[in-house]
Amino acid sequence: MATHGTTPPSGRRQGGCLPTLVILAVILGLAYGASRVFDDTGSSSSSSSAGEKASSWNVGDCGGPDPEDAPDGYRALDCDDSGATFKALEVKEASILPDAIQCPAGTDLIIQVKISFGSGGAKNGGIPSKTVCGRNLSGDHPGDAGAGGGQLVKGDCVTDTAQEVPCASATGSGFKVLDLVKDEKQCPSGTTEPMRLTLAIGRPYDVICATKA
């Protein structure tokens, strides 16, 4: 049900005026390490009401943890419901490729909506239908640029092995992300440390354009 991110291993430098960092493997996941799951089922199960709302997710809709599908299950809720914990910043089509979904800055968690048939619900399988990029309703926002969580976005900071860290702790030893591009030639001026990543199918970028933090 949950898709966990992994810490990138150490890379190696290549020669040249602007040394390029080669990262052997990178999966840029959430700080909380998981994509959550909504049940988008039309069955008579207890989560069917959440499924009716989940099938028409729009920006601005809210949701929260599903106590009947703990710990990773979520359900759609009215934004003024006491159980609501996040609001949808963006709603994207689902993908079977974990790296293909790129949510906007400020995304604190990523929730996968699955279509399921029968009484088993999404926790027993299902077909991905949508991806909800959610922002916490509380003041805790690890997905903000520079905060050290969420997906990697412009304004974040990384170590020399492309591991995301809070910018507050990156001064002197870390790097500021200026852009995320497919080719090093697309990096903006000011880039002093282009970090080339190994191929990941579906990921919208292959190079982290960075400079000293």
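The values are calculated or read from the model by the stated rules, or taken from the named source; none is laboratory data. Since the structure is predicted, the reported quantities are computational estimates derived from the model, not experimental observations. Because the Cβ atoms are built from the backbone with ideal geometry, glycine has one as well, and the counts that use them run over all protein chains shown. We work out accessible area using only protein heavy atoms, side chains counted, and drop any ligands, DNA or RNA first. Shrake-Rupley method; radii C 1.70, N 1.55, O 1.52, S 1.80 Å.
Note down the nm distance, to one decimal, between modelled labels 7 Å out along Cα→Cβ at Ile201 and at Cys79.
Each label point lies 7 Å from its Cα, and together they span 3.9 nm.
Once R0 is set to 30 Å, what does the formula 1/(1 + (r/R0)^6) return for the Cβ-Cβ distance between Thr192 and Ile127, expressed as a FRET efficiency to the nearest 0.05?
Result of the calculation: an efficiency of 0.10.
Between Leu137 and Lys154, what is the label-to-label distance in nm when each label sits 7 Å out along the Cα-to-Cβ direction?
Reported label-point gap for Leu137 and Lys154 is 3.2 nm.
Go through 152-161, 181-190, 64-73, 104-113 and give me the packing order, highest mean Cβ count within 10 Å leading.
Values: 152-161: 20.0, 181-190: 12.8, 64-73: 16.3, 104-113: 22.6.
In decreasing order of mean packing, 152-161, 181-190, 64-73, 104-113 become 104-113, 152-161, 64-73, 181-190.
Please turn the phi angles of the stretch 89-95 into ³J(HN,Hα) values with the Karplus equation 6.51 cos²θ - 1.76 cosθ + 1.60 (θ = phi - 60°), one per residue in order, whole Hz, x for glycine and proline.
7, 7, 10, 10, 5, 6, 9
If each of Lys92 and Asn58 carries a label point 7 Å out from its Cα toward its Cβ, how far apart are those two points in nm?
2.2 nm
What is the extension gain from Ala100 to Thr161, computed as 0.36 nm multiplied by their sequence separation minus the C-alpha to C-alpha distance, in nm to one decimal?
Here the answer is 19.8 nm.
Leaving out ligands, DNA and RNA, what percent of the accessible area of the stretch 111-213 is carbon and sulfur, probe 1.4 Å?
The computed percentage sits at 53.
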